Each structure stands twice: as structure tokens, then as C-alpha cells.
Amino acid sequence: MEHRVKLCRRFSLSCRLFDAVSFGMHGVMLDTASSEKSDHLKEALLIHLFVFLKALAMVEEETRRYRPTKNYLEHIPPLNLSAFETEIMRSEFERMQQRLPMDVLSMKRYELPPPPAGKMTDIAAWTECVENSLAQLEHQATRICNLELMVEYGCEAWKSYLEVLVQLVTQAQKQLTTMRKQIQEINWQRKNMQTQGGDKLRNLESSWVGLVSKNYEIEQACAQLEKEVARLKAEKKIKNL
């Protein structure tokens, strides 16, 4: 189980790494003009892609080998489907289960109906109508006040808002340009480091080949000298006889 969890974590980390690298590389590739830079970025993207594919292959291998039992989820608590339900949601679900229509919206606050015919002499009914009319008058007065404020200050406020937006866009563009320059500089530094490393490896390889050749020549010379010494010893023995 721990091994499977580790594999899942590696897979998740590889996915996030691949998404971040592909997003960054894609942005840089759009800004790169030369084909040499594009090839270099594609190679870097493929290197990071290998990590993603390796993690995916590990997960697939684990899923093929893993055989779940009937109680392999017993350590997990049961699913609570009503954890985020509210009273309003519950009542609405019940209404839908009972196939009842929705409550009609009350439009009374937008109307000025007189008291019913049977309550023309009822003070409470007339009081409710008066309060409704006062509320609507206050609402209209608030709307008129808002319109007057908008006429007086709306243009300047909108201009200020647009100026702030322009400043934010300019600042974001500067940051974007700076980040693109930094990304390009980092890519060039990586390329130079890899080029220098390649040259160093080639020099070391040449030195290694030269040393191996010299060692081979020395071994051949030593073998030849050993043969010569053996021949001289044999001749000396023959002369002594």
C-alpha cells in the first residue's frame, strides 16, 4: 500500500512538473525566433516528458499487479453525501422529489394595489398599503440620487478607473517582458553550459583515448621485452651447457 501511495505521489508530481515545464517552454518557444533556440527548447521539453512517461508507466505496472480485495477500502470512512447540504438545499431537494412547482416570486413590492374590496375600511390594510407606497417612493428616491451621482461623478470615476487599468496593463507587460528576458537568458546560459560541458567531455574522451593508446603501446613494448629477456635467458642456458 505504501509503495502504491508513493507511486501515486510521484505520478502527481510528474504531472505538475510536466504541465509547468510545457507551459513555460511553450511561452518561450512562441517568443523565440531562431530555429536553433526552438530545437534546444524542444529537447529540454522531451527530457522532462520522459519523467512524466516513466511515472505513468510505473503507475500502469502497479495497477496491473495490484488485485483489490473486497475490504480494501475499510480504512476509509463512508461517503457523506449530505455534508455540504443546507436547509434551503434540503427543502429544494424535497420539493423536486415531490415534483412540486417552485414558489411564485412575489411582485407586490413593485405594485401599488389598494386594499381588497372587503377591507376598504380596515386600518391595518390601509397601513400596509401606505408602508408599501413609502418603501417604493424611497426606492425611487434612492435611484434618482444614484443617477444624479453618476451624472456628476460617473465620467471622472470611469476615467480614473480606466487610467488605473492602463497602468496595471503597462506594469503587467513590463513584468512579462522582464520574465521573458530572464527565461531567454536562463535558456542561453543552460545552452552555453551544455556546450562547454560537451567540449570538455570531448577533450576528456580524446585524452582518454590517447592514454589508452599509450598504455597499449607500453604493454606491447613490455611484452616484447619479456620475450627478448626470455630468449636471452634461453640462449644463456644453452651456452652454459
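The values are calculated or read from the model by the stated rules, or taken from the named source; none is laboratory data. These numbers come from a predicted model, not from an experiment. Here the Cβ positions follow ideal geometry from the backbone for every residue, glycine too, while neighbour counts run over all protein chains shown.
Couple of notes before you dig in:
- Only listed residue being at pLDDT 75 or above, in a loop (DSSP other than H, G, I, E, B) and aromatic (Phe, Trp, Tyr), chosen from Phe84, Phe93: Phe84
- Residue match in segment 63-85 (condition: touching a residue at least 60 places away in the same chain (Cβ under 8 Å) and either within 29 Å of His139 (Cα to Cα) or in contact with a helix residue (DSSP H, G or I) (Cβ under 8 Å, 6 or more places away or on another chain) (or both)): yes
- Failed item, numbered, when Gln175 is tested on (1) within 23 Å of the chain's Cα centre (by Cα); (2) polar (S, T, N, Q); (3) modelled with pLDDT under 95: (3)
- The requirement of being free of Cβ contacts under 8 Å to residues at least 40 places away in the same chain and under 30 Å from Arg109 (Cβ atoms) is not satisfied by Glu235.
- Asn132 being assigned to a helix (DSSP H, G or I), within 58 Å of the chain's Cα centre (by Cα) and at pLDDT 90 or above: no
One line per residue, one yes/no per condition, for (1) in a helix (DSSP H, G or I); (2) on the phi > 0 side of the Ramachandran plot; (3) not β-branched (Val, Ile, Thr):
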{"position": "Leu79", "(1), (2), (3)": "no, no, yes"}
{"position": "Ser106", "(1), (2), (3)": "no, no, yes"}
{"position": "Gln136", "(1), (2), (3)": "yes, no, yes"}
{"position": "Arg143", "(1), (2), (3)": "yes, no, yes"}
{"position": "Glu156", "(1), (2), (3)": "yes, no, yes"}
{"position": "Leu165", "(1), (2), (3)": "yes, no, yes"}
{"position": "Ala172", "(1), (2), (3)": "yes, no, yes"}
{"position": "Thr177", "(1), (2), (3)": "yes, no, no"}
{"position": "Arg180", "(1), (2), (3)": "yes, no, yes"}
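- Residue ID - surrounded by the most Cβ atoms within 10 Å (Cβ to Cβ), chosen from residues in segment 122-173 that are among the polar types (S, T, N, Q) and touching a helix residue (DSSP H, G or I) at 6+ places or on another chain (Cβ under 8 Å): Asn132
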